[in-house]
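Every number in this text was worked out from the coordinates using simple rules, so none of it is lab data. Keep in mind that what you see is a predicted model, and the values were worked out from it rather than measured. A quick note on method: Cβ atoms are made from the backbone with ideal geometry, for glycine too, and the neighbour counts reach across all protein chains shown.
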Amino acid sequence: MSVASVTSLPVKNTVLVENMSAVSREQRSAWLLSLPAIALMILFLIGPILSVIALSFTNWQLGMTNINWVGLDNYREMIGDSTFWKAFNNTLMYVGIVLPVSVIGGLLVALLVETRMAGKALYRTLFFLPVMGTLIAMSIVWEYILQPDFGLLNMVLSKFGMSGENWLNDKDTVIYVLAGIGVWHQLGYNLILFTSGLLAIPCHLYEAADMDGVPHGWSRFQLITWPMLGPITLFVLVITSIKAFQVFDTVAVLTQGGPGKSSEVLLHLMYTEGFEFFRTSYAASITVIFLFIILLITVIKIRFIDKRVHY
Amino acid sequence: MGYDRLFSMLRHLILASLALIFLAPFIWMVVTSIKPEDEIFLNELRIIPERFAGYENYRIALTETPLLRFMLNGLIVTVAIFLSQVAVAVPAAYALAKLQFKGKQVLFIAILACLMIPPQAVSIPWYLLMYKFGWLDSYAGLVAPFSISVFGIFLMRQFFNTVPDDLISAARLDGYSELGIVWKIMVPTAIPALISFGIFSIVAHWNDYFWPLIVVNSQEMLTPPLGVVAFKSDEAGDSYGPLMAAATIIVAPLVIAYLLAQKRFIEGITMSGMK
């Protein structure tokens, strides 16, 4: 008995030691494998986001050697800056158009495409094409189409007896035109997301509706399709609003925020303040506002996605 | 039956006219790229040009500015970004999915938090970093900040979670190192996910304008979107034929690739929303 216990003890110990070393080996290799990712994450994401926030409370400008803490001065300046408010309102206006039009439009076109077999794949391909086209290059094409004298749009309008505008140089139309291009660019993307949502609805729900005598059309949409599309709709809303808040390319190429700041938007203002006027800390404070909006939308998404809306 | 027929026709009518509007910029771009200048400035709707000027327009587009150089830059940058993203993200994703270690939870939460950071919001510090490293106006400057893709880590982790543990234990018994398991066992099982991610990454960075605009100055470093804008402001001015030819050349690679492999592209692009 005593002999047995004495001999079994070392064996037990080596097993324990081996287990320990296997665990610590796993720990070590896990950290080694993650190390490049962690280092780069700190260098390029976590560090920078913290320094942007810190920078927004200083008076630092590119090239300056000294840096002073100025508290909320940049934010105070921002509140008094009419250009900032123009950019803020224009961005809201842009999102306010692109969001509903490209989401509702995407849903309606997806429903229309999916109701019949004929041409389904072709329509999907065509509507998705603007998502693929390099937006910068296509913005240059849009500029040419919107050209007042020999642009395609005004030529077509004159065929219908309407007179066109100088679309991009009119401060009353320019933000709508940019939003229109935004819708053109985004709708196909939403259409594809809605299509995948539609295809995921189980057929037996419609079969059940058939048996219960639910009429085709609106009542069926209201009873089955729309509730089942709930989660994906929320998804589309969030993605579209994040993308719309990031509007930059079209503004940078087509208007540079003009005429008279009537198409200035948040990111473009941040770019010009930071990289053209080199007012770095002021640009950082605009960035913080932009970031705050994006985070707010993302938090809404996380809250709702976790609750899974319907089902 | 009659009602059904009517609806069918109405559906095609609406969808086809909408599709025409959506396609119009592409059609007009290609049509103008083969039009002579005098027909472009003609104030009438003409689709097929009377005189074919495609050859001279494309020649001007390719010779007045180094458009092919811009395309090559775009190719180098997008491929370099994708490869470094894979090299960095895949081992980390494996560790998160299949290994037990202290701090795993914290790391995963950090990744989820970083997913929310839009790249434009960190562009000022990136610029300062690139300046410190001496990487402004270089391939390194265009590539380095994007070498970490938290979305890539997230996506590959989700995928690796579905790989059975037995496969990994068997590989360990066969004497594979952990790094060997990552590249020889995990990566081959994840090819479809990697292709989707690759399409997403390459399309995003081929089309990116914001960061290249900030980091690049000299003409020989321009990426395709910067190149076409430079072409517009420097050379083309109002010569829309060559300008539309340049735009066509820059838009073409992705559009052609998309038309050839639609399903994969749609999957890859819409995946970006899944984060």
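Tabulated values for the structure
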{"quantity": "Where A:Gly133 falls short, out of the listed (1) surrounded by fewer than 18 Cβ atoms within 10 Å (Cβ to Cβ); (2) at the interface with another protein chain (Cβ under 8 Å from one of its Cβ atoms)", "calculated": "(1)"}
{"quantity": "Lone qualifier among B:Thr65, B:Thr32 - being more than 11 Å from chain A (Cβ to nearest Cβ), among the polar types (S, T, N, Q), touching a residue at least 24 places away in the same chain (Cβ under 8 Å) and at negative phi", "calculated": "B:Thr65"}
{"quantity": "Residues within the stretch B:172-196 that are within 10 Å of another protein chain (Cβ to nearest Cβ) and among the aromatic types (Phe, Trp, Tyr), tallied", "calculated": "0"}
{"quantity": "Close pairs from the stretch B:98-113: first more than 8 Å from chain A (Cβ to nearest Cβ), partner surrounded by 14 or more Cβ atoms within 10 Å (Cβ to Cβ), Cβ under 7 Å, at least 6 apart", "calculated": "B:Lys98/B:Phe160; B:Lys98/B:Ile168; B:Phe108/B:Leu96"}
{"quantity": "Residues (at the interface with chain B (Cβ under 8 Å from one of its Cβ atoms) and over 21 Å from A:Ser281 (Cβ atoms)) located in the stretch A:33-65", "calculated": "A:Leu33, A:Ser34, A:Pro36, A:Ala37, A:Ile38, A:Leu40, A:Met41, A:Leu43"}
{"quantity": "Selection status of B:Phe159, away from every other protein chain (no Cβ under 13 Å) and either assigned to a helix (DSSP H, G or I) or surrounded by fewer than 21 Cβ atoms within 10 Å (Cβ to Cβ) (or both)", "calculated": "yes"}
{"quantity": "Residue match in the stretch A:264-273 (condition: in contact (Cβ under 8 Å) with a residue 60 or more places away in the chain, within 11 Å of chain B (Cβ to nearest Cβ), acidic (Asp, Glu) and buried (at least 16 other Cβ atoms within 10 Å of the Cβ))", "calculated": "no"}
{"quantity": "Out of A:Leu153, A:Leu122, A:Leu146, A:Leu112, sole residue that is out of contact with any helix residue (DSSP H, G or I) (no Cβ under 7 Å at 6 or more places or on another chain) and either more than 7 Å from every other protein chain (Cβ to nearest Cβ) or surrounded by fewer than 20 Cβ atoms within 10 Å (Cβ to Cβ) (or both)", "calculated": "A:Leu122"}
{"quantity": "Residues located in the stretch B:131-147, provided they are surrounded by fewer than 21 Cβ atoms within 10 Å (Cβ to Cβ), of a type in the set (A, V, I, L, M) and not in a loop (DSSP other than H, G, I, E, B)", "calculated": "B:Ala140"}
{"quantity": "Checklist (1) within 14 Å of chain A (Cβ to nearest Cβ); (2) surrounded by 14 or more Cβ atoms within 10 Å (Cβ to Cβ); (3) assigned to a helix (DSSP H, G or I); (4) not acidic (Asp, Glu) applied to B:Ile14, failing item", "calculated": "(2)"}
{"quantity": "Condition check for B:Ile199: surrounded by 18 or more Cβ atoms within 10 Å (Cβ to Cβ), within 12 Å of another protein chain (Cβ to nearest Cβ), in contact with a Phe, Trp or Tyr (Cβ under 8 Å, 6 or more places away or on another chain) and over 24 Å from B:Ala87 (Cα atoms)", "calculated": "no"}
{"quantity": "Condition check for B:Asn73: polar (S, T, N, Q), touching a Ser or Thr at 6+ places or on another chain (Cβ under 6 Å) and over 30 Å from B:Gly198 (Cβ atoms)", "calculated": "no"}
{"quantity": "Selection within the stretch A:42-75 - in a loop (DSSP other than H, G, I, E, B), without any contact (Cβ under 8 Å) to a residue 12 or more places away in the chain and surrounded by 13 or more Cβ atoms within 10 Å (Cβ to Cβ)", "calculated": "A:Met64, A:Ile67"}
{"quantity": "Criterion: of a type outside the set (Lys, Arg), surrounded by fewer than 15 Cβ atoms within 10 Å (Cβ to Cβ) and either at positive phi or assigned to a helix (DSSP H, G or I) (or both) - qualifying residue of A:Phe304, A:Phe221, A:Phe235, A:Phe277", "calculated": "A:Phe221"}
{"quantity": "Residues located in the stretch B:177-211, provided they are among the small types (Gly, Ala, Ser), part of a helix (DSSP H, G or I) and farther than 26 Å from A:Met270 by Cα", "calculated": "B:Gly180, B:Ala193, B:Ser196, B:Gly198"}
{"quantity": "Given (1) under 22 Å from the mean Cα position of the chain (by Cα); (2) more than 10 Å from chain A (Cβ to nearest Cβ); (3) in contact (Cβ under 8 Å) with a residue 24 or more places away in the chain, number of the condition B:Leu83 does not satisfy", "calculated": "(3)"}
{"quantity": "Residue selected from the stretch A:225-236 under the condition touching a residue at least 60 places away in the same chain (Cβ under 8 Å) and within 11 Å of chain B (Cβ to nearest Cβ), by the criterion farthest from A:Gly188 (Cα to Cα)", "calculated": "A:Phe235"}
{"quantity": "Cβ pairs under 6 Å, 6+ apart, first in the stretch A:76-105 and in contact (Cβ under 8 Å) with a residue 12 or more places away in the chain, second surrounded by fewer than 18 Cβ atoms within 10 Å (Cβ to Cβ) and among the β-branched types (Val, Ile, Thr)", "calculated": "none"}
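For every residue, the table says whether it meets (1) among the acidic types (Asp, Glu); (2) buried (at least 17 other Cβ atoms within 10 Å of the Cβ); (3) under 20 Å from the mean Cα position of the chain (by Cα).
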| position | (1), (2), (3) |
| --- | --- |
| B:Tyr58 | no, yes, no |
| B:Thr63 | no, no, no |
| B:Phe70 | no, yes, yes |
| B:Ala93 | no, yes, no |
